[in-house]
1. Looking at region 58-101 only, could you name the residues that are in contact with a strand residue (DSSP E or B) (Cβ under 6 Å, 6 or more places away or on another chain), more than 17 Å from Gly37 (Cβ to Cβ), part of a loop (DSSP other than H, G, I, E, B) and not small (Gly, Ala, Ser)?
2. Answer yes or no: is there a residue in region 37-48 that is in contact with a helix residue (DSSP H, G or I) (Cβ under 6 Å, 6 or more places away or on another chain), on the phi < 0 side of the Ramachandran plot and not hydrophobic (A, V, I, L, M, F, W, C).
3. Could you pull out the residue among Arg34, Arg61, Arg66 that is of a type in the set (Lys, Arg), at pLDDT 95 or above and more than 25 Å from Glu130 (Cβ to Cβ)?
4. Please enumerate the residues belonging to region 94-139 that are at pLDDT 95 or above and of a type in the set (S, T, N, Q).
5. May I ask you to list pairs of residues, at least six apart or on different chains, whose Cβ atoms are under 8 Å apart, with the first in region 136-148 being small (Gly, Ala, Ser) and crowded, with 18+ Cβ neighbours inside 10 Å and the second being at pLDDT 95 or above and not in a strand (DSSP E or B)?
6. If you take the residues of region 13-30 that are of a type in the set (Gly, Ala, Ser) and outside any loop (DSSP other than H, G, I, E, B), which of them is farthest from Val129 (Cα to Cα)?
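The values are calculated or read from the model by the stated rules, or taken from the named source; none is laboratory data. Nothing here was measured: the structure is a model prediction, and the numbers come from that model. All Cβ positions, even for glycine, are placed from backbone atoms using ideal geometry, and neighbour counts span all protein chains on display.
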Amino acid sequence: MHPVPVAAKSIPASSNKTVYPQPFAAQVEGRIKRKLGDFFGLTNFGVNLTELAPGAVSALRHHHTRQDEFVYVLEGNPTLVLGDEEYVLGPGDCYGFKAGTGLASQLVNRSSAPTRFLEIGDRTPGDEVEYPDDDLKAVQQEDGSWKMMHKDGRPW
């Protein structure tokens, strides 16, 4: 546990940019995550301060089977891609992603300025992530790590 409050921007950005294998990893270039929850040793939920450069995406379009997610925009105007719909968000806007709905989503920065938002997610074990646009599936392991596979079950 950290003994005193800290500025979120002072927490080092994650050196592990993504768990995605190539060619998917290239799609999240321009994304910077500061794992605030990990910094404080949180185990029940995660909190990330995420920045997207112009043209960057938060993740491949995806949905979770067990883990809920929530985003809160701090700065900029990311586009929320939610199923077949798109919504331009601004500071103070938020959205909650209920696990198990099958509704795939991602944030895309189509603006000319960086955008920053908080990502909050629970850490319910046994989660799987589906990527409807890509030959990719993520399965959470018992230790919390992720195993990346093709949709037919072959490992990447």
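1. Within region 58-101, Arg61, Thr65, Asn77, Pro78, Leu89, Pro91, Asp93 qualify.
2. Taking every residue of region 37-48 in turn, at least one turns out to be in contact with a helix residue (DSSP H, G or I) (Cβ under 6 Å, 6 or more places away or on another chain), on the phi < 0 side of the Ramachandran plot and not hydrophobic (A, V, I, L, M, F, W, C).
3. Arg34
4. Thr101, Ser105, Gln106, Asn109, Ser111, Ser112, Thr115
5. Ala138/Tyr131
6. If we take residues in region 13-30 being of a type in the set (Gly, Ala, Ser) and outside any loop (DSSP other than H, G, I, E, B), then Ala26 is farthest from Val129 (Cα to Cα).
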